[in-house]
Amino acid sequence: MDEQLEQIKGREVRLTVRGHEIVVREVTMKHLKGFAAACSPFLSAFDEAGELAERKDRAQDDFALFKVLAENGEAFMKATAMVSNAPVEFYEQLRPDEFFEVAAKVVEVNGDFFVRALAPTLIRFAKGVSLIGSMLSDGLSPQGTAADTTSSTTSSASSTAS
C-alpha cells in the first residue's frame, strides 16, 4: 500500500533559490492541458522546422535557445508555476540564470515523466486504436458490403413481387 501511495505521489525535486525552497513536481492531469499549452511554443522550437532543430542546411545559432526562452518566457514561467510551489510572480522577479536553474529541474522531472510514463501508454493506446481501425476496415471491405447489398436486393425483390 505504501509503495502504491509513493507511486501516485510522483517524483519531485527540491532546490533553493533566493532563500526559498522550490519544489518541482511531475505534471498531473489537473494541469496537463495548461502545461502542454504553455510549453508548446518552446517545444515547437525543437521540431524539424523550429529554430533549435539541427539541420544541415544552416548553421546552429548560438543564441537561438536564449531567443526562444526570451520570446516565450511568460509561457514557460506559467508552466513552471503549474508544477512547482511558487507562483508566476516569484519567477518574474528572478534573474534569467536563476529561473533557468528552476526551469532545468522542470524539464528534468517532467521530461522523464513524459518519456517514461506517458509515451508507453500513448503507444499502447495507438496500437489499440490501430487494431480497432483494422477490424472495422475489414468489416467494411467490398466482400462484406457485397453480401449486405445482395441480401437487401433480395429483400427488395421479394417485397416488390408480393
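The values are calculated or read from the model by the stated rules, or taken from the named source; none is laboratory data. Bear in mind the structure is a predicted one, so any value in this text is a computation, not a measurement. Positions of Cβ are generated from backbone atoms using ideal geometry, with glycine treated the same way; all protein chains shown enter the neighbour counts.
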Quick one: count up the residues across segment 74-84 that are touching an Asp or Glu at 6+ places or on another chain (Cβ under 8 Å) and in contact (Cβ under 8 Å) with a residue 40 or more places away in the chain.
1
Test: Glu51 is part of a helix (DSSP H, G or I), of a type in the set (D, E, K, R) and at pLDDT below 85:
no
Just give me the residues in segment 66-77 being in a helix (DSSP H, G or I) and crowded, with 18+ Cβ neighbours inside 10 Å, in sequence order.
Val68, Phe76, Met77
Hits in segment 82-100 (condition: exposed (fewer than 12 other Cβ atoms within 10 Å of the Cβ) and modelled with pLDDT under 95):
Arg95, Asp97
